[in-house]
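The values are calculated or read from the model by the stated rules, or taken from the named source; none is laboratory data. What you are looking at is a predicted structure, and each value in this text was computed from that prediction instead of being measured. Cβ placement follows ideal geometry from the backbone for every residue including glycine, while neighbour counts extend to all protein chains displayed. The protein model used for the area step is the full one, side chains on, heavy atoms only, and it has no ligands, DNA or RNA in it. Shrake-Rupley method; radii C 1.70, N 1.55, O 1.52, S 1.80 Å.
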Amino acid sequence: MMNKILLIEDSDDIRENTAELLELSGYVVETAADGIEGVRMAQHNLPDLVICDIMMPHLDGFGVLQVFSKHEQLSQVPFIFLTAKTDRSDMRKGMEMGADDFLTKPFQEVELLRSIETRLKKKSLQQMEGHVDVELQSEVSLAQKALDFLDFTHFDGEKRTHHLQKKQSIYSEGDSPSRLYFLEKGKIKTYHTNREGKYFITSFIKEGEFFGYVDILENQIYRETAEALEESIILSISSNEFKDLLKQNIHLEIYFRKALTSYLMKNEKILVSMAYQSLRLRVSMALVELAKTYGNDLHGPVVIRLSREDLASRVGTATETVIRTLSDFKKEGLLEIRGSEMTLLDVNKLANLRY
């Protein structure tokens, strides 16, 4: 099904030329000549994305966005501003109100099409992720049954306890998976190293989580390395015993299959983010992920201890670039920095940055 775009623009020439461009690019386009007409059309026939001029009679672009923000369905529609003005205060105002992008006239055709593609891709991924989250939440009782069955404390089979120092490896890329791991205490990261020797962090493991099961379930060698971020205690059982337990208990099988799906979805989201999101958003997403992984109370300040190098490897950029972005966040009152320790002052605000 083709995506439907609502174009709100008072200039006849710009409206007609832009609509023609979008239709030639495979979109279904509806047009409105002013803000009031645009709001009525959106309420009558919900669009997949809105492109809106700012300076218009009757109801300007800011007014249109304000109406959208108070409507449950319209507030979820990606919103791109077009404007002949280049005032940065207008851009900040629009972004703070909830706009997804801000293009200045005259704009390049490829610039507009790229922005549309990015917003629609992000929306689609969020909807897919939300569906998975709902499914996982509905399986809380199933997960509990699985974890009760695989109770490491009272496990009768061959079980090992591993005491690790900071930066000590648990397993490495290229190894054959021989054990299922459970983090009892501490913090773990997993990362992949490319041919040039650069590494990219693929996940952070928190206490009470299993890890190392992805490659066991997919019957292949490890595609990443697991390493302790601090002193940690890990419990493990052999992969053969784990596979036997999966055969014995359907709840365990379903739980880990769903965990595998969630893991793959999360990594797809990260790759899309690196391809389409701004650096600010990628850094904020990484900080929010860390807060959710290691923070006990997201309503208050959350303290994170992670090297700038590790944060940069999660975001996929240079360490110096991450440092500059963190400095900007500090100036904006989003976090405090003391050495290697970062205090996130408002996790919700970081999670909802628009640009």
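Numbers below:
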quantity	calculated
Scope segment 221-237; condition of a type outside the set (Gly, Ala, Ser) and either open to solvent by 60 Å² or more (accessible area, probe 1.4 Å) or closer than 30 Å to residue 307 by Cα (or both); matching residues	221, 222, 223, 224, 225, 227, 229, 230, 231, 233, 234, 235
Boolean, residue 145 is in contact with a helix residue (DSSP H, G or I) (Cβ under 9 Å, 6 or more places away or on another chain), part of a helix (DSSP H, G or I) and at pLDDT 70 or above	no
Test: residue in segment 293-314 that is within 26 Å of residue 97 (Cβ to Cβ) and of a type in the set (Phe, Trp, Tyr)	no
Out of 5, 36, sole residue that is aliphatic (A, V, I, L, M), part of a strand (DSSP E or B) and at pLDDT 90 or above	5
All strands (runs of 3 or more DSSP E) inside segment 252-344 with 2 or more residues being under 24 Å from residue 191 (Cα atoms) and modelled with pLDDT of 75 or more	302-305, 341-344
Residue within segment 310-326 that is on the phi < 0 side of the Ramachandran plot, loosely packed, with under 15 Cβ neighbours inside 10 Å and of a type in the set (A, V, I, L, M) present	yes
Filtered residues of segment 159-182 (kept if touching an Asp or Glu at 6+ places or on another chain (Cβ under 7 Å) and modelled with pLDDT under 90)	none
Residues of segment 95-119 that turn out to be out of contact with any Pro (no Cβ under 6 Å at 6 or more places or on another chain), modelled with pLDDT of 80 or more, open to solvent by 20 Å² or more (accessible area, probe 1.4 Å) and in a helix (DSSP H, G or I), as a count	6
Residue identified as assigned to a strand (DSSP E or B), in contact (Cβ under 8 Å) with a residue 12 or more places away in the chain and touching a helix residue (DSSP H, G or I) at 6+ places or on another chain (Cβ under 8 Å) among 202, 161, 190	202
Members of segment 221-246 found to be free of Cβ contacts under 8 Å to residues at least 40 places away in the same chain and not basic (Lys, Arg), listed by number	240, 244, 246
Condition broken by residue 240, with the remaining ones in (1) part of a helix (DSSP H, G or I); (2) surrounded by 18 or more Cβ atoms within 10 Å (Cβ to Cβ); (3) not aliphatic (A, V, I, L, M) satisfied	(2)
Residue within segment 18-28 that is within 18 Å of residue 94 (Cβ to Cβ) and either assigned to a strand (DSSP E or B) or open to solvent by 30 Å² or more (accessible area, probe 1.4 Å) (or both) present	no
Selection within segment 163-216 - over 16 Å from residue 242 (Cβ atoms), more than 22 Å from the chain's Cα centre (by Cα) and hydrophobic (A, V, I, L, M, F, W, C)	164
Every pair of residues 6+ apart whose Cβ atoms lie under 8 Å, when the first sits in segment 1-25 and is closer than 16 Å to residue 78 by Cα and in contact (Cβ under 8 Å) with a residue 24 or more places away in the chain while the second is open to solvent by 60 Å² or more (accessible area, probe 1.4 Å) and charged (D, E, K, R)	8/37
